[in-house]
1. Which one is surrounded by the most Cβ atoms within 10 Å (Cβ to Cβ) among residues in region 194-231 that are within 21 Å of ARG281 (Cα to Cα) and of a type in the set (Asp, Glu)?
2. Select from region 273-287 the residues that are in a helix (DSSP H, G or I) and touching a helix residue (DSSP H, G or I) at 6+ places or on another chain (Cβ under 6 Å) and list them in ascending order.
3. Can you name the condition, by its number, that LEU10 falls short on among (1) in contact with a Ser or Thr (Cβ under 8 Å, 6 or more places away or on another chain); (2) at pLDDT 85 or above?
4. Select from region 167-193 the residues that are polar (S, T, N, Q) and surrounded by fewer than 18 Cβ atoms within 10 Å (Cβ to Cβ) and list them in ascending order.
5. Has region 340-354 got any residue that is outside any loop (DSSP other than H, G, I, E, B), more than 23 Å from ALA173 (Cα to Cα) and of a type in the set (Lys, Arg)?
6. Against the definition (of a type in the set (Lys, Arg), buried (at least 21 other Cβ atoms within 10 Å of the Cβ), out of contact with any strand residue (DSSP E or B) (no Cβ under 7 Å at 6 or more places or on another chain) and modelled with pLDDT of 95 or more), how does ARG286 come out, yes or no?
7. If I filter region 119-161 down to residues being assigned to a loop (DSSP other than H, G, I, E, B) and β-branched (Val, Ile, Thr), which single residue comes out as nearest to THR193 (Cα to Cα)?
8. For ALA91, are the conditions met, namely being at pLDDT 85 or above, more than 16 Å from GLN45 (Cα to Cα) and in a loop (DSSP other than H, G, I, E, B)?
Amino acid sequence: MAAQAHYQRLMTEVFAEAHRVLRADGVLTVMFTHKKQEAWEALFQSLIEAGFTMTATWPVKTESEHSLHQAKKNAAQSTVILIARVRAENAGTGYFDAGMRARIRSAAESTAERLSAQGLNAVDQLVGSFGPAMEVFSAYDSVRTDTGDPVTVGVAIDIAADAVANWRIRQLAAGGLQGVEGEAQFALLCWDTLGAAEFRFNEAKLLGHAVGMDVSALEHAGLITVKADKVTILPAAERRRDAPLKDDEAQQLLFGFVAGKGKRVRKDDALKIHPRDPVFRTHLDRAHALALTYADAGGGNAGIGAAKSFALKHSIKVGDATVHLIEALLKASPRAVRRDKGDVAKRFPEFRAWHAMLEPLFGITPPDWTEKGPDQGMLALLTSKAGSGAEEAEGGLVGEDDEEPDDEEDEDGEAS
């Protein structure tokens, strides 16, 4: 905390000096790339304390998803360019009422939608929404509640993050996921926004807050494990209990869940599931148990039959929130879990189980996971153009009586 306070103090001093030398109609441009919410809070707080207001934000894609240091990371691929201007004197106090909160949400959501259309990834959509939220928040000398209490930058950023998270969920599940618990929404946002099974604690904290759960509660719910700064989301098989619950135990689980806030959860205390449990606490537990039932029967037709019996017993049918969740998870699934190969795919076979059973169980066409090959028509066009170009080159370099060189052999002895 001391290091963070020192960092913010230095930034404030830098921006204060910029404010001193800048003309009244001048513009301060700041380039910033970071995924930690705390870093953005420090930046915005320093700008506001130095007397600036944010007036425009442009995330610019500066990293390729194919670059070596970006590979296999749920990384921000853009640099955010912030435009700040000197705040007018006596800008007054803004009140953090329903109107301001609605403007922050609207600014964040419309920004996420625009960035998505421009091809920026989900992480960039999230952090790119912070600037527009600050355009609303930083227009005043101070922001207070109706009782006069000061409102921090972090509160405004939380509202922006919540708005983007809810917008992402609506894109994945038509009409949203009403009635679906925070654990399931967290898992969905992890796969959609981060696209990875492992991520940093701060990212888990940000997404957990967006669905109303802290990291310790998610850990207690048996959804994640935490080791130092690394958070790992658990697959269905690793959430499995050795034996099903008895009826009285199941009822106790349903009504006795305590998150253990702020307390590190022991592995044995995390909540688990079994496909033969009489009832399930959450829609995600139900979806995981459905996939385990399919796997226990060996998949294929036998797995479909077992899954149908499970769905009938637990009233999982078209229109049910569990089915909406499964559809959304399939839409959010990264490529690594779709193919029946690789370490990640082996750890998360539930995605392929859900994909296999979606149509036979619920009559819903699953997403097309076919690996797209190159466009053959375009290849033919490029080949023909390359061929004509080669002929033109040969016409200029090889005379009519000249003989073309024989085909050389490559290292494998085949003509190259």
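The values are calculated or read from the model by the stated rules, or taken from the named source; none is laboratory data. Bear in mind that the values here come from a model prediction, so they are computed numbers and not experimental data. Cβ placement follows ideal geometry from the backbone for every residue including glycine, while neighbour counts extend to all protein chains displayed.
1. Only one residue fits best here, namely GLU219.
2. Here is the first cut: in region 273-287, the residues in a helix (DSSP H, G or I) are 283-287.
Matches in region 273-287: HIS283, LEU284, ARG286, ALA287.
3. (1)
4. Here is the first cut: in region 167-193, the ones polar (S, T, N, Q) are 171, 178, 185, 193.
Correct list: GLN171, GLN178.
5. yes
6. yes
7. Restricting attention to region 119-161, the residues satisfying the condition of being assigned to a loop (DSSP other than H, G, I, E, B) are 119-121, 129, 138-141, 145-149, 151-152.
When the remaining residues are screened for being β-branched (Val, Ile, Thr), the result is 145, 147, 151-152.
Details: THR145: 32, THR147: 36, VAL151: 28, THR152: 25 Å.
That would be THR152.
8. Yes; evaluated as a whole, the condition is true for this residue.
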